Amino acid sequence: QVQLVESGGGLVQSGGSLRLSCAASGLAFRTYGMSWYRQAPGNEREWVATVTSDGGTNYADSVKGRFTISRDSLKNTAFLQMNSLKPEDTAVYYCSVWRITRYWGQGTQVTVSS
């Protein structure tokens, strides 16, 4: 049974930083790409970033240059380092993996005040 548990969200001022973590279990972590998505109130869930099984990364244009996705396959954990945060980054952030179907964590709230 795949489980994803996010942590690290919180309240931060504009220009600040946060580091999100996603602890995964129930899958051969090192063989799967991991992604982060976010959903702001009233908006659809949107893709933020992906790290492939071999460490390649891709980012949405809205976060490129400010966010960094990474993984530690020894700890079965993915990370999202978020710098230069803006109020429009406020959302619930979800960790996700595709393994036959898409699995989601419970989400962690990120709030950026202006």
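The values are calculated or read from the model by the stated rules, or taken from the named source; none is laboratory data. Everything numeric here is computed off the predicted structure, so don't read it as measured data. Please note: Cβ atoms are built from the backbone with ideal geometry, for glycine as well, and neighbour counts cover all protein chains shown. For accessibility, only protein heavy atoms count, side chains too; no ligands or nucleic acids. Shrake-Rupley method; radii C 1.70, N 1.55, O 1.52, S 1.80 Å.
A few remarks follow.
- Shape of the chain, Cα gyration tensor, a/c cut at 1.5: prolate
- The fraction of accessible area contributed by carbon and sulfur in the chain is 47 percent, rounded to a whole number (1.4 Å probe; ligands and nucleic acids excluded).
- Put a plus charge on the Cβ of each Lys and Arg, a minus charge on the Cβ of each Asp and Glu, and nothing anywhere else: the dipole of the chain about its Cα centre is then about 220 debye.
- Remark: the residue 102-residue 58 segment gains 14.0 nm on full extension, using 0.36 nm per residue and subtracting the alpha carbon distance.
- Accessible surface area normalised per residue over the chain is 53 Å², counting heavy atoms of protein chains with a 1.4 Å rolling probe.
- Here the peptides 32-38, 102-108 are ranked by packing, the mean other Cβ count within 10 Å, and the order with the highest first is 32-38, 102-108.
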